[in-house]
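The values are calculated or read from the model by the stated rules, or taken from the named source; none is laboratory data. Being a predicted model, the structure only gives us computed values, none of them experimental. Note: ideal-geometry Cβ built from the backbone for every residue, glycine included; neighbour counts use all protein chains shown. Protein only, heavy atoms only, side chains kept; ligands, DNA and RNA dropped before computing areas. Shrake-Rupley method; radii C 1.70, N 1.55, O 1.52, S 1.80 Å.
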Amino acid sequence: YNIIVCQNVTDIDDKIINKSNDLDIPYLELASKYEHEYFEDMKKLNILLPDIITRVSEYIPEIIAFITSLVEKGYAYESQGSVYFDTTSYISKGNHYGKLMPEQIGNIDLLAEGEGNTSNTHVNEKKSPLDFVLWKRTKSDREPSFESPYGPGRPGWHIECSVMAKSAFGGISNGLLDIHAGGVDLKFPHHENEIAQSEAECGCSQWTNYWLHTGHLNIKGLKMSKSLKNFITINEILSTYTANQLRYLFLLHKYNSLMDYSDSTLSEAIGIDRSIHEFFHNVNIQIRENNGIRKSQKPSEKESLLLSQLIGIKQEIHNYLCDDFDTPKVLLAIKQLIHHTNKYIELGNVVTSTLVVVTTYISNTLKLFGIVVYVDIYNNSGSSSSSDSSNLGKYIDIITNYRHTVRQFARSNDVTNILVESDNLRDEILPAVGVRLEDRDNTSQWKFDDPEILIKEIALKNKEKLEKQNE
């Protein structure tokens, strides 16, 4: 699908203004600092930049023009230097106010929360409690102020999204949206008010076709909150877990359901990440041992069975995504396809081309969800490239140093330290250069992997080992 994504950045609001005053720094400097940190975190999570980024501070003239248009059309009114949306007028003209959460219309607490600092001081300026502020008059010199036909002031919270969406998509879709996303807590009054002011200004009956509201995040069963001291940052999470593991955690929950961040849910995500990684590595070993596609690629009944299972699971995954992005079921389908493929491998005499088709589909599906697949199927199992040759030196250094150390211990018949050094090679040295070495009965098996994943796995094992010792 051809999607153009616009992301709004609120850099003017009551919380930002209050915090900047407390720190005695300009509000835009504070907002820019956190915006930069946010996008850096998104980069670490392998989340792509949106196609369009809009900041409230850069759209003040457009916001004033939008408000003026609403006033001229009879959908807004000026009161003591502020401007409010007239919900009574909106409804009287045949419009529907309360499309998303009709049961919350009149909820005084939610309405007050949506108005921010104006909820109490401006209550007498409204014609109706349902009316909401579009333009806030300036109350002190400690808040940003912009000139307007209604006097100095700044935008209300709800108006910014409607204006920036219209500006971003005006030349693409006449300002109309296919999808609008946001937290479930924004349904009312924020998104409800966006609908009202947007449909009033454009004269349409459906400004947005689909609303995607994400569920809340809990930390160990409780809402994440600084006051509860259960607040955790992306950087803190990534110091222990990988971006892939965090993504698997998200995929295990539907986007619109409550998600609990805890040791148990993380363990499940880590388990899925490990099993899928293991699968890709095992496939590469099979292809490597099969000498690529040099052997016969003629399919038999077992190849036909696996390919028919692939076709069926492809359709299942398509249906799950069409059913409101049911990612937990998609993961189950991927695990089922991996199970079928593992059974196929157990039968022996695999056909490389069949394995490549199946694993490429799994890899591409995971990439669709931003999962970085570090194993390059087939290409990683044939001839070495120039980059492989340039990296060969570090592996030779490791072998040389290991040989030197072991020889020293061997001369003194120190078998214990030889075994310690061998474990150190497996657990510390090779993971740092992206090699996973696993002991299997009377032999060992090596695989290439992402160094970050290996190092974090070791750190997690050491942490668990230490916790058990302290019990």
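Distant-in-sequence amide contacts of Asp131, defined by a placed amide H-H separation under 5 Å and a gap of 5 or more residues or a different chain, comprise Thr87.
Computed from label points 7 Å out along Cα-Cβ, the spacing between Arg403 and Asn21 is 7.2 nm.
Estimated from helices alone, the mean residue ellipticity of the chain at 222 nm is -16500 deg cm²/dmol (sum of -39500 (n - 2.57) over DSSP H runs with n ≥ 4, per residue). Using 0.36 nm per residue and subtracting the Cα-Cα separation, the extra length available between Leu307 and Lys463 on full extension is 51.9 nm.
Given contacts defined as C-alpha pairs under 8 Å and at least six residues apart, what's the relative contact order of the chain, whole-number percent? Answer for the chain is 10 percent. Counting only residues at least eight positions apart within a chain, or on another chain, the aspartates and glutamates with an alpha carbon under 16 Å from that of Lys136 are Asp11, Asp13, Asp14, Glu62, Glu78, Asp86, Glu113, Glu115, Glu125, Glu147, Glu160.
Given Lys223/Lys335; Lys73/Lys139; Lys220/Lys468; Lys367/Lys465; Lys314/Lys461, which pairs have Cα atoms separated by over 25 Å? Pairs exceeding the cut-off: Lys223/Lys335; Lys73/Lys139; Lys367/Lys465; Lys314/Lys461. What the stretch 127-260 shows is 46 Å² of accessible area per residue, with the surface traced by a 1.4 Å probe over protein heavy atoms. Ranked by the mean number of other Cβ atoms within 10 Å of their residues, highest first, the peptides 166-176, 194-204 fall in the order 194-204, 166-176. With all pairs of separate Cα atoms included, the stretch 134-224 yields a Kirkwood hydrodynamic radius of 15.2 Å. Roll a 1.4 angstrom probe over the protein heavy atoms and tell me the percent of accessible area of the stretch 217-288 that is carbon or sulfur. For the stretch 217-288, the apolar C and S fraction of the accessible surface comes to 56 percent. The calculated P(r) of the chain, using every Cα pair and 20 Å bins from 0, goes 18, 42, 27, 12, 1 in percent.
Spacing of the modelled spin labels on Asn417 and Thr233, each 7 Å from Cα toward Cβ, amounts to 4.3 nm.
Full extension of the chain between Leu222 and Ser257 yields a length gain of 11.1 nm, computed as 0.36 nm times the residue separation minus the alpha carbon distance. The packing ranking of peptides 407-417, 265-275, highest mean first, is 265-275, 407-417, where packing means the average number of other beta carbon atoms within 10 angstrom of each residue. Scalar couplings 3J(HN,Hα) for the stretch 310-327, obtained by applying the Karplus form with A = 6.51, B = -1.76, C = 1.60 to θ = phi - 60°, are 4, 4, x, 6, 4, 5, 4, 5, 4, 5, 5, 5, 6, 8, 6, 6, 7, 5 Hz; x denotes Gly and Pro. For the pair Val372 and His36, label points projected 7 Å from Cα toward Cβ lie 2.3 nm apart.
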